[in-house]
Every structure is written in C-alpha cells, then in structure tokens.
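J.: Here it is, the structure in full.
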Amino acid sequence: MKILVPVKRVIDYNVKVRVRTDGSGVDLANVKMSMNPFDEIAVEEAVRLKEKGVASEIVVVSIGVQQAKDTLRSALAMGADRAILIDATSDVNQDIEPLAVARLLSRIVEAERPDLVIAGKQAIDNDMNATGQMLAGLLGWGQATFASKIEIADGRAVVTREVDGGLQTIGVRLPAVVTVDLRLNEPRYVSLPSIMKAKKKPLEERTAAALDVDVTPRLKIVRTVEPPQRVAGVRVASVDELIEKLKNQAGVL
Amino acid sequence: MYLNETQEQVRETVQAFADDVIRPAAEALDREERFPAEIFDEMAKLGLFGIGVPEALGGPGFDTLTYAVVMEELSRGYASVADQCGLVELISTLLVRHGTERQQAMLPDILAMRRKVAYCITEPEAGTDVSGIRTTAEKDGDGWVLNGGKIWIHNAPVADTGFVLARTDKEAGTRGMSIFIVDLHARGVERGPKEHKMGQRASQVGGLNFSDVRLGRDALLGEAGRGFHMMMSVLDKGRVGIAALAVGIAQAGLEAAVDYAGTRKQFGKPISDFQGVQWLLADMAKDIEAARLLVHSAAVKIDRGLDATRSCSMAKCFAGDIAVARTADAVQVFGGSGYIRGFEVERLYRDAKITQIYEGTNQIQRMIIARELMKKGARA
Ligand SMILES: Cc1cc2nc3c(=O)[nH]c(=O)nc-3n(C[C@H](O)[C@H](O)[C@H](O)COP(=O)(O)OP(=O)(O)OC[C@H]3O[C@@H](n4cnc5c(N)ncnc54)[C@H](O)[C@@H]3O)c2cc1C
Ligand SMILES: Cc1cc2nc3c(=O)[nH]c(=O)nc-3n(C[C@H](O)[C@H](O)[C@H](O)COP(=O)(O)OP(=O)(O)OC[C@H]3O[C@@H](n4cnc5c(N)ncnc54)[C@H](O)[C@@H]3O)c2cc1C
C-alpha cells in the first residue's frame, strides 16, 4: 500500500505571533517555521503503518516556497521514503489557499496513485480545515476526518473520529482521504542517523505552473487583529459569592 | 543562521528532546544524585552517543560543529546528561582513530549505552600535571599487569570498561605512557565510593584501584608509549564539547532569567522594566552569544583540518568563565528565590563551576593560549 502525506510549513507553534502593523496578516519575516503539528501526526501515522508492514511506501508533498524543503527533509527523517516539492510562490507571506492546494494535490495523486492520503485536519496558521475535504471531493474519494484511530483491513480504513460529544467509528473504502486529529499518536523525535539517511532520499521538484493550477488567492484578508489582552481576575471572599457571580455576572450556572 | 539545513535539523530535534525529557527531570536527578539510565537509553535510540563515529562503524558520522550544537542543546536540558555524551564522544574518537578492528567491535555497545565507559587519567598526585601519574602497566608474557589508583573518574561507580592511562616505561616521561582498555569487572579492580559533588550531581564520579589486574594482548590501545599523545590529540574536540556544555548551562540561565524578569513584579512593575535588571540580561545574552561563536569557530577549524589549539582553549576558557559569571547573574535576577534549592538557576550556578576545572583548568587554557601567542605570534 502506498500512502501520500501532504505537509505544510507553518509558523512554529512556540513562536509568539505578531500582527503586521498594516493588519494585512501576521509577520512571517525572520520567525521560526516548522512542520504543521497535525501534519507531523499524519506522517507519524504513515510511518507506523509502514513499520507494521501495512504500508510499503510513503510519499510526502509540500506546496509553497523553496524553504518548504526543510519541512520535507523533516518528514523524510521521520521515515517517509520520497518527497515532492511543488514550488508555488517565492513570497513567504503568500498563503496557498485550500482549493489550490487540493487541486495541486489531486494532480500528484493522479500521477502517484496512492491507496491512502493522510493529512492534518487543519494547518495551525489559518485553521481552514478544508484541504482534505476538498481533495476527497475533487477525487471523488471517500473521506474520514478528525481521526483519533486508523485501522486498515481488507481494502478499507476503519477510522475513529473525534466528534462533538464522543467518538464515532466509520469504515471507508480505499482509496480514501483521512484527516487526523491531535490524539491519534505522539510523533517521534527523529534520530541523528535518520537525519543523515534523509539527506540521501529523493526530493523531486515541480511547479504549480507546470501542473497547470492557478494559485492566485481568491480570498482577501480584510483585517487581522491581535486577540484581546487577558484581563485580571477577581478574588472572591466565599463560595457563596463565587456561586452568586457565576449565576448573575457570568451567567454560566 | 549559518548552520546548514542538517545541523539546524539536528539542533531542533535535540532541543525538543531536551525540553520534553531532560530539563523536566533535572531537578530530581540533581537532588537524588541519580544516574539517569532511562534518559541515556532514549538518547542511545536517537543516536546521541558517538556523534562523530562514521556510518561504517555504526555512528551517524557528524562533524564537530554538529557535535557542539548537540552538546549545547543537551546541556541546556541538564549538564550531567550532556557530560555523558561528551565522555562517550571522547572514548569513541580514540577508538575510531587508534583502535584495532577487534577493539572497534565494542563501539556499537558503547553507543547503545550497553557498555558504560570511563576515561581514567587523574591521580592524587597527577591532576593538571598528567606527567606525574604513578599507575604502571608492566609487561607480563603477551600481556601486562596493572597497578595503581585513579581518582575523580566520571562513571567509575557504574562503568564496565575503563580507558586507563598508565606508565609503561618509567624512564621515558610522557613518551612512556600508554592507554589500556580495562574490564572494570575483572579481578583486582576495586571501586571507591561515589563522590558527593557541588554540581552536575547526576554524574557518577569516584575512584578506581588496580592491584595486579591482568591485561591481555588486546588491552593496549594504539602504540605503546603513545598514550599521552593520543590523549592530547582528542583534547581539542573534548574542549569544544565542554565549552558547548558551558554555553548550554548559561543559555538555560538566560532563558529562566528573561522569563522571570518579565513576570516578577516589584514597585508595581515587572522587574524587567528596571534598567538595572535589563543590563544584567543584556550582558548575559552578549557573553553567551560570544562564547557560542567561539565554540563554533573552534569546531569549524577542527572540521577543516586547521590548527585549532588556540581557538579550542579560548572557547573552553571563555565559555567556562562566562557560564559561572552569567549563571551568578541569573541567580541575581531571581533575588532570594535564586538562592533556594528547587529553583533551576540555583542548580545552574553550581553546575557551571566545574567547567572551569575539568578538561584542563582555565589556568591551563590561558597557559596554552599564551604559549601559542609566543610560538606562533599574535595573529592567527
Ligand atoms: C566532577 C569531576 C569529574 C572529573 N572527571 C574526570 C574523569 O572522568 N577522568 C579524569 O581523568 N579526571 C577527571 N576529573 C579530574 C579533573 O580533570 C582534575 O580535577 C583537573 O585536571 C584538575 O586537577 P586537580 O584537581 O588535581 O587540580 P590541581 O592540578 O591540583 O590544580 C589546583 C589549582 O592549581 C592550578 N594550577 C596547577 N598547575 C598550574 C600551573 N602550572 N600554572 C597555573 N596554575 C596551575 C590549577 O589551575 C588549579 O586552579 C574530574 C574532576 C571532577 C571534579
Ligand atoms: C537565605 C535567605 C535569607 C533571608 N533572610 C531573611 C530574613 O531573615 N528576613 C526577611 O525579612 N527576609 C529575608 N530574606 C529575603 C531577602 O531579604 C530578599 O530575598 C531580598 O530582599 C530580595 O527580595 P526578593 O527575593 O523578593 O527579590 P526581588 O525584589 O524580586 O528582586 C529580584 C531582582 O530584581 C532586582 N530589582 C528589584 N527592584 C529593582 C529596581 N527598582 N531596580 C533595579 N533592580 C531591581 C533585584 O535587585 C533583584 O536582582 C532572606 C532571603 C534569603 C535567600
């Protein structure tokens, strides 16, 4: 079985994000970038499936700027076999929107013919939660989103989904697109020898133009603002006062 | 940064491991003076021992700069953990350079921490002046018989194999010393009690006594009489390692101090608003960056095969000195809290002090720098 995993280069989750002064977005100049954490979980799951003997090959794909090669190398060090970079822009601030990403991925899927695409449920930069679903739509494949458990058997994926109020287990016929949630697994630390080996693994480059996909943004960012500052709490004198405040002031009881 | 993509990737992975696994364990390890076998097992799986060992001999085969980066990041987690990495690096470098094929066969076990090693030079009468060692190995058939004692040996209480510097020719001075690979479970080997140290307290340090320990023909590493020179030849790399370890301690102190200064309020404001505190933080940051650059430049010189002696001594000396001075500043920023057990900066200050003492005291580093100046001139 062949698995394809798309990985996105995003602002590192430890970085304190600053909004650009003109409100056009967040400042991405000179900040640490890393693999989207949900994509790391997706790569980890693919590697575990390979270690279990379920999968035979893992191809990782990243779309964006040349620097996304670093992200691909990380995925290769985790255990992916091959990488494809789709060079779509030279502007680090340009986000490639979900529909364009899904279209580009569908071209790669047509060429690579994987049995399964495992993707992060969303990227932590703009939280779209759309790419996996759009890709399944474009391909006409089944989809299972928010996975917290994936089992492959008899040409099907049995996926446990984290939904409001509990867990839902569904079966989808392969090929399919699965998007993963936080609790699916805990990604490994890459070992030093695997970093060395990753340098020798193939990394192929394509361009969005050659794949004939228009990546011009369709959305216009009207405004970006900092989240409101947290205000200080209040000290209450007694449990009774707390209950009173929760009832009448906060309205949560 | 000037690190290449691979070095940066190594840094990120070790940094994450240090943040998640090492740093949270440090306080308890220090308090209990415990050998962190479980952390070393995980590190072995990640390939964090024997970083420079070539792929053909079972290591990842990284350069000295990468090694320095790893040492700093591990030490930012906990210096005792980094020091084990430094010790294995020294021993494996010796084995890679001078070991026979049979001797190198122990490398996989050493890198996996299945075989714990010790580097045994210091004696009661021979500290800085290694030429004073009295441990002897006398020829006996095809082997030798070892007699003498070593003190303050890292890993002595737990090690399986010692790399022991002994005198093989009493008349020949530093040309009469050889390195022997000694099974520390053998008859005639006695371990002294574990020392209770000021800092780096998870490192197990103690003495070893050898009485009529029989060594086979395979026990000799490299050529007889070349022990002192072999040891000296790995010192450059050893000093880069300890210098990077010192930078890691200081960096942990800076991080703690910056966080604390931003949250601790006195006179109605965070203390980071006061210039007196800001200047402390600024001086810490600039010295740490300067030390790091010295370490990296020394590492790059080694990697390019240039004369690195002066740079390595400068890096070791400067990084050790600023680690002590700047962790003292971190304590200062914490006020009374910095003086209390359980606060990280209190431990960092204690952990820093030994970096001015081991791997050649900082007086000796200055002596080397001065000697190089006299010999090769002020420009280099
Ligand atoms: C925690 C710890 C771990 C250690 N681990 C190991 C180990 O694994 N293996 C090992 O072999 N050893 C180890 N050592 C020993 C260490 O290398 C020595 O302590 C060090 O070399 C200094 O020797 P000394 O303590 O005998 O001090 P001394 O040599 O007695 O020095 C005392 C002072 O005199 C100064 N001094 C000496 N000669 C001169 C001179 N010519 N000019 C100016 N000043 C001078 C020194 O700089 C120092 O300040 C360890 C020590 C400690 C504390
Ligand atoms: C071992 C020990 C014994 C003690 N014994 C006693 C005792 O018997 N009785 C008692 O009452 N207290 C005692 N103390 C408390 C001691 O007096 C305080 O720790 C000390 O006054 C510093 O206060 P702090 O720890 O809250 O640090 P902070 O006031 O929080 O200071 C933190 C840092 O900010 C700096 N700083 C603060 N304000 C400014 C400013 N405006 N400009 C520039 N820098 C500033 C400080 O110099 C310090 O470096 C003791 C403390 C210790 C550790």
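J.: Suppose every Lys and Arg Cβ carries +1 and every Asp and Glu Cβ carries -1, with no other charges. What dipole size does the protein assembly as shown come out with about its Cα centre, to the nearest 20 debye?
T.: Details: 81 positive and 85 negative charges, 147 e Å.
Roughly 700 debye for the protein assembly as shown.
J.: OK, next. In the protein assembly as shown, what percent of the accessible surface is made up of carbon and sulfur (1.4 Å probe, ligands and nucleic acids excluded)?
T.: The value for the protein assembly as shown is 51 percent carbon and sulfur by accessible area.
J.: Based on alpha-carbon centroids, what's the gap between region B:285-304 and region A:192-232 in Å, whole number please?
T.: First find each Cα centre; the distance between them is then 33 Å.
J.: Can you tell me how region A:166-253 classifies by the Cα gyration tensor, rounded, prolate or oblate, using a/c under 1.5 as the rounded cut? Walk me through the intermediate numbers first.
T.: Details: a/c = 2.29, a/b = 1.93, b/c = 1.19.
It is prolate, given that a/c is not under 1.5 and a/b is the larger ratio.
J.: How large is the Kirkwood hydrodynamic radius of the protein assembly as shown, in angstrom, based on all distinct alpha carbon pairs?
T.: Kirkwood hydrodynamic radius for the protein assembly as shown: 27.7 Å.
J.: Still on this structure, please answer the following. Under 5 Å between amide hydrogens, which residues at least 5 positions from B:LEU220 or on another chain qualify, with H placed 1.01 Å from N in the peptide plane?
T.: The answer is B:ILE181.
J.: Which one, B:THR66, B:THR13, B:GLN104, projects farthest toward the positive side of the charge dipole computed for region B:5-111 from Cβ point charges (K/R +1, D/E -1)?
T.: Final value for the positive-end residue is B:GLN104.
J.: Treating the angle as unsigned and between 0 and 90°, give the value, to the nearest 10°, between the Cα long axis of helix B:79-98 and the longest Cα principal axis of chain B.
T.: Between helix and principal axis, roughly 40 degrees.
J.: Something else now. May I ask you to give the solvent-accessible area per residue for region B:234-376, in square angstrom, as obtained with a 1.4 angstrom probe?
T.: Heavy-atom accessible area per residue stands at 44 Å².
J.: Let me ask another. Using only atoms on other chains, find how many Cβ atoms lie within 10 Å of each Cβ of peptide A:183-193 and report the average.
T.: That works out to 5 on average.
J.: If you don't mind, there's one more thing I want to ask. Starting from the Cα of A:LEU253, move 7 Å in the Cα-to-Cβ direction to define the label point; list residues of region A:216-237 whose amide nitrogen is under 17 Å from there.
T.: A:234-237
J.: Suppose the chain between A:GLN168 and A:ASP22 were pulled fully straight at 0.36 nm per residue; how much longer would it get relative to their current alpha carbon spacing?
T.: Here the answer is 48.2 nm.
J.: Here's a follow-up. Considering chain A as a Gaussian network with a 10 Å cut-off on Cα pairs, which listed residue, A:GLY53, A:GLY132, A:GLY25, attains the greatest mean-square fluctuation?
T.: Result: A:GLY53 has the largest fluctuation of those listed.
J.: Here is a further query. Shielding by partners for B:13-20, please: the mean number of other protein chain Cβ atoms within 10 Å of each residue's Cβ.
T.: Partner Cβ neighbours, averaged per residue: 3.
J.: How shielded is A:71-83 by partner chains, expressed as the average number of their Cβ atoms within 10 Å of its Cβ atoms? Mind showing how you got there, number by number?
T.: On the way: counts 0, 0, 4, 4, 0, 0, 4, 1, 0, 0, 0, 0, 0.
Mean partner shielding for this stretch: 1.
J.: Can I ask one more? In a GNM of chain A with a 10 Å cut-off on Cα contacts, which of A:GLY165, A:GLY155, A:GLY79 has the highest mean-square fluctuation?
T.: A:GLY165
J.: Modelling each spin label as a point 7 Å along the Cα-to-Cβ direction, I'd like the A:ASP12/A:ASN126 distance in nm, to one decimal.
T.: The two pseudo-label positions are separated by 2.4 nm.
J.: Residues of region B:212-232 with amide nitrogen under 20 Å from the 7 Å Cα-to-Cβ point of B:ASP307?
T.: Counting backbone N atoms under 20 Å from the label point, the list is B:229-230, B:232.
J.: Place a +1 charge on the Cβ of each Lys and Arg in chain A and a -1 charge on the Cβ of each Asp and Glu, then give the dipole magnitude about the Cα centre in debye, rounded to the nearest 20.
T.: The calculation lands at about 380 debye.
J.: So with the 1.4 Å probe, I'd like the accessible area per residue for region B:5-111, rounded to whole Å².
T.: Roughly 32 Å² per residue, with all protein chains present.
J.: OK, next. Among B:PRO157, B:PRO124, B:LEU220, pick out the residue whose Cα is farthest towards the positive end of the charge dipole of region B:117-226, where Lys and Arg carry +1 and Asp and Glu carry -1 on C-beta, about the Cα centre.
T.: B:PRO157
J.: Restricting to Cα atoms and excluding each atom paired with itself, what does the Kirkwood estimate give for chain B in Å?
T.: Hydrodynamic radius (Kirkwood, Cα pairs) of chain B is 21.4 Å.
J.: I need the shape label for region B:5-111. Rule: rounded when a/c is under 1.5, else prolate if a/b > b/c, else oblate, with a, b, c from the alpha carbon gyration tensor.
T.: oblate
J.: Positive end of the charge dipole of region B:234-376 (Lys, Arg +1 and Asp, Glu -1 on Cβ, about the Cα centre): tell me which of B:ALA285, B:GLY268, B:TYR358 has its Cα farthest that way.
T.: B:TYR358
J.: With θ set to phi - 60° and the Karplus curve 6.51 cos²θ - 1.76 cosθ + 1.60, what are the ³J(HN,Hα) couplings of region B:147-158 in order, to the nearest whole Hz, using x for Gly and Pro?
T.: 9, x, x, 10, 10, 6, 9, 4, 6, 3, x, 10
J.: Moving on to the next point. If I take R0 = 22 Å and measure r between the Cβ atoms of B:ASP212 and B:GLU125 in this structure, what FRET efficiency does the formula 1/(1 + (r/R0)^6) give, to the nearest 0.05?
T.: After rounding, the FRET efficiency stands at 0.60.
J.: Let me ask you something else. Give me Rg/Rg_expected for region B:234-376, where Rg uses Cα atoms only and Rg_expected = 2.2 N^0.38 Å with N residues.
T.: Taking the Cα Rg and dividing by 2.2 N^0.38 Å, one obtains 1.15.
J.: Could you give me the ³J(HN,Hα) list for region A:216-233, computed from phi with Karplus coefficients 6.51, -1.76, 1.60 and θ = phi - 60°, whole Hz, x at Gly and Pro?
T.: Using θ = phi - 60°, the values come out as 4, x, 9, 9, 10, 7, 7, 7, 10, 10, 5, x, x, 4, 6, 9, 5, x Hz.
J.: Helix-only estimate, please: 222 nm mean residue ellipticity of chain B, summing -39500 (n - 2.57) across DSSP H runs of length 4 or more and dividing by its residues, to the nearest 500.
T.: -17000 deg cm²/dmol
J.: Next up: What 222 nm value per residue comes from the helices of chain A, counting each DSSP H run with n ≥ 4 as -39,500 (n - 2.57) and dividing by all residues, nearest 500 deg cm²/dmol?
T.: Values: 6 runs with 67 residues, N = 253.
After summing the helix terms and dividing by residue count, I get -8000 deg cm²/dmol.
The values are calculated or read from the model by the stated rules, or taken from the named source; none is laboratory data. Just so you know, these numbers come straight off a predicted model, no measurement behind them. Neighbour counts run over all protein chains shown; Cβ positions are idealised from the backbone, glycine included. These area figures cover heavy atoms from the full protein model, side chains too; ligands, DNA and RNA do not enter into them. Shrake-Rupley method; radii C 1.70, N 1.55, O 1.52, S 1.80 Å.
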